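The values are calculated or read from the model by the stated rules, or taken from the named source; none is laboratory data. Computed from a prediction, not measured in an experiment: that's the story for all the values here. Glycine also receives a Cβ, built like all others from the backbone with ideal geometry; neighbour counts cover every protein chain displayed. With ligands, DNA and RNA removed, areas are computed over all heavy atoms of the protein, side chains included. Shrake-Rupley method; radii C 1.70, N 1.55, O 1.52, S 1.80 Å.
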Amino acid sequence: MKYRQLGSTELHISEISFGTWAIGGSWGGTDDGSALKALSRAMEEGVNFFDTADVYGEGHSEELLAKATKGREDEIYIATKFCRAGDLLDPASYSYESVRAYCEASLKRLGRERIDLYQVHCPPTDILRSGEVFGALDRLREEGKIREYGVSVETVEEGFICLQHPNVKALQVIYNLFRQKPELELIPKA
């Protein structure tokens, strides 16, 4: 396995990560035993970075990651996302109080004291423009509840808005054969 530093963070993560959307169980039948075996196998092969969200199986994927990584919290990094469990359009969902509640719920499910990378999960553009959520994340970072934070964005424009905030350490954006715009515009600036 090859590893890279994640941007300007101190996280040295595997070039291949494991996304846990499917093992949460919201998108069809899953088997926890098979999911735990897959997570274990990934770690055996050197994967040390796992991506999840509080809405993947209504937190079930976070619970599975807690089981799979128990005792390895210092060597296995987890990125989780928040805000889609609430009212996505309501600015109150991005207040310090709301973000802290989301964070504490994820910490409990993950069985951890700190989240390695905490990401806003595809919020509306207006929420990013207002910037209140970044202040909330800064406070959680100061409190030691999160190590770093980032944003999962839907568009290149949203990515550029996030880049204006110096403590945004990661952007997750859709990039595939059909959506190449990030390569041309966002990735070089990020």
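In the context of the full set of protein chains, residues of the range 16-60 present 52 Å² of accessible surface per residue (probe radius 1.4 Å, heavy atoms only). Dividing the summed -39500 (n - 2.57) terms of all DSSP H runs of n ≥ 4 by the residue count of the chain sets its mean residue ellipticity at 222 nm at -10000 deg cm²/dmol. Over every Cα atom in the range 33-136, the radius of gyration and the widest Cα-Cα span, Dmax, amount to 14.5, 43 Å.
With unit charges on the beta carbons (Lys and Arg positive, Asp and Glu negative) and the dipole taken about the Cα centre of the range 86-190, which residue among Leu128, Leu171, Leu88 sits farthest to the positive side? The listed residue farthest towards the positive side: Leu171.
From most to least packed by mean Cβ count within 10 Å, the peptides 37-47, 172-182 give 37-47, 172-182. Helix 96-110: angle to the longest alpha-carbon principal axis of the chain, degrees 0 to 90, nearest 10? In the chain, helix 96-110 runs at an angle near 10 degrees to the longest axis. For the range 133-190, the normalised intensity computed at q = 0.17, 0.29 Å⁻¹ comes to -0.57, -1.17 (log10 of I(q)/I(0), Debye sum over alpha carbons, equal scatterers, no solvent).
Model label sites at Leu36 and Tyr96, defined 7 Å from Cα along the beta-carbon direction, differ in position by 4.0 nm. Annotation for Thr9 and Thr155: the two label points, set 7 Å from Cα along the Cα-Cβ direction, are 2.6 nm apart. Within the chain, the ratio Rg/Rh, alpha carbon atoms throughout and Rh by Kirkwood, equals 0.94. Measuring from centroid to centroid over Cα atoms, what is the spacing of the range 90-109 and the range 34-66 in Å? Value for the Cα centre distance between the two parts: 21 Å.
Sorting the segments 77-86, 148-157 by their residues' average number of neighbouring beta-carbon atoms within 10 angstrom, most packed first, yields 77-86, 148-157.
Think of each Lys and Arg Cβ as +1 and each Asp and Glu Cβ as -1; about the Cα centre, that makes the dipole of the range 50-190 roughly 300 debye. Based on Cα contacts under 8 Å between residues 6+ apart, the chain shows a relative contact order of 16 percent.
In this simple spin-label model, placing a label point 7 Å from the Cα along the Cα-to-Cβ direction at both Trp27 and Ile187 gives a separation of 2.1 nm.
Within the range 1-95, what percent of beta bridges assigned by DSSP are antiparallel, to the nearest 5? Before the final figure, lay out each step's value.
Values: 3 of 8 bridges.
Here the share of antiparallel DSSP bridges comes out near 40 percent.
Lys-Lys pairs in the range 86-190 that are eight or more residues apart or on separate chains and whose Cα atoms lie under 25 Å of each other come to 6. With both residues required to sit in the chain, DSSP beta bridges show an antiparallel share near 15%.
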